[in-house]
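What follows is calculated from the coordinates using simple rules that are stated; it is not laboratory data. As the structure is a computational prediction, the values presented were derived from the model and not from experiment. Every residue, glycine as well, gets a Cβ built from its backbone with ideal geometry; the counts of neighbours run over all protein chains shown.
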Amino acid sequence: MANERRRFGQITKLPSGRYRARYADPDGRRNENGEPLRHNAPHTFDARVDAEAWLTDERRLITAGVWSSPAERAAERRAKLPTLSEYAPRWMAARKVKGKPLADLTRDHYQHLLDRYILPTFGELPLKAITPEQVAKWYDTAAAGKPTTQGHMYSLLRAILATAADPTANNGRALIPFNPCGIRGGGSTSPAKKIRPATATEIATIVAAMPERLQLMVLLADGTALRYGELAELRRGDVDTKNAVLRVRRGVIRSKSAGVVAKAPKSAAGVRDVPIPPHLLPAVRTHLLEHAEPGKDGLLFPAKNGGHMAPSAFYGKPAIVAKDGAVRRKGHGWYEARRVAGREDLTFHGLRHGALTEAAKHGATLAELMALAGHSTTQAAQRYQHAASGRLAELARKRSEAAGWTGE
């Protein structure tokens, strides 16, 4: 090893080719053996110039009268390193997706994953104390038998710790040296189970079992592929019976953090005009006369006492039926209607899936399906919607003809 003596400190080239920097204690203290106390840099350096820079910085601290030993400063940094419980809320508050803060429902979902699956295991640990071995054990046990939850919770933890390991996200200093989440494919989820679309007979049975004021909601979900939140936010002014169009401009969501919020879709693709299948127009007109709130801004599917309908009022409860067929508790709403139709597996979102499947069967192109569903990036949405605007009405007419509509 070659030593290079300087006015302040000492630089030594090690056999590995790296450089060690150290200097004598500025107060002249000695160690327990009576030898002069020396302070080493917390790590070695690739180049001599880096070692020199470290010594220069140390000397400035001494001259300014704010010096403490490198070991003491390292201990202070370790003591200040946040636990995951402390860091996760800061991460959530600063997190952006495509330049925008987290959506309310996304924030609720993340908070649920943190509270239920992540923080019970890692919450009290300093970030640097979370190891790959701990992550692997947690991944295998925290949500056993729930592959979708397993993928979501792992993806969230990986994203949080990736930010902690990124110097640009932490004022130039990474909080941890590397991301301990290294399970290949850990964030992937198992394919969703195959959805069996409802038949025309099943839809008719479900509609008949629903309260009259909610029957059109089922018909439109099956006929136009609108989401629940889009249907629940439709207003009179969004319904154009003359041109047979629903103007989708907003959707309503309910979140623990923000309550009931009506807002524009996440992307421009969600803002769209959706053709009403002609065979549903009579039902739409009847519903407007008998069940919708008055005025241009009146809700198409209001709660009994006005305002947005709570999802529980739509979904209801299935009846409890004994083995001998006796009804022990009456049911109501969507869950009861699908039970009557023998389709307890059918979700309301499954109606949307069925509508898009039917459109594809009638020859819809990928662009037309994306326009109908409101799926796309902002740039692609404009191209898809312009290309499909006339074709979607034709597809709606074909669906009506397939349902027995004759043009009357």
Debye sum, Cα scatterers, the chain, no solvent: what log₁₀ I/I(0) at q = 0.13 1/Å? -1.20
Can you tell me which aspartates and glutamates have their Cα less than 19 Å from the Cα of residue 330? Leave out same-chain residues fewer than eight positions away. 212, 344
Residues in the stretch 228-245 that a label on residue 293 would reach, taking backbone N under 11 Å of a point 7 Å out along Cα→Cβ: 233-236
If the limit is 29 Å between Cα atoms, which of 100/256; 98/194; 96/256; 80/256; 96/361; 146/317 go over it? 98/194; 80/256; 96/361
Proxy reagent accessibility, fewest Cβ within 10 Å first, across 216, 156: 156, 216
Give me the distance in nm between label points sitting 7 Å out from Cα along the Cα-to-Cβ direction at residue 208 and residue 264, one decimal. 4.4 nm
For the stretch 193-297, state which trypsin sites (Lys or Arg not before Pro) are in a DSSP loop and have at most 15 other beta carbons lying within 10 Å of their beta carbon. 193, 194, 242, 256, 266, 296
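DSSP loop GluC sites (Glu not before Pro) in the stretch 326-361 with at most 16 other Cβ atoms within 10 Å of their Cβ, which ones?
Within the stretch 326-361, the qualifying GluC sites (Glu not before Pro) (loop, at most 16 other Cβ atoms within 10 Å) are 344.
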As a test of understanding, state the convex hull volume per residue of the stretch 4-147 from its alpha carbons, in Å³. 222 Å³
Non-local amide H neighbours of residue 69 (under 5 Å, H modeled in plane, Pro and chain starts lacking H): which ones? none
Could you list the GluC sites (Glu not before Pro) in the stretch 1-101 that lie in coil according to DSSP, counting only those with at most 10 other Cβ atoms within 10 Å of their Cβ? 32
In vacuo Debye scattering of the stretch 82-169, one point per C-alpha: log10 I(q)/I(0) at q = 0.11, 0.20 Å⁻¹? -0.29, -0.98
Could you calculate the FRET efficiency of residue 323 with residue 360 from 1/(1 + (r/R0)^6), where r is the beta carbon distance between them and R0 is 56 Å, rounded to 0.05? 0.85
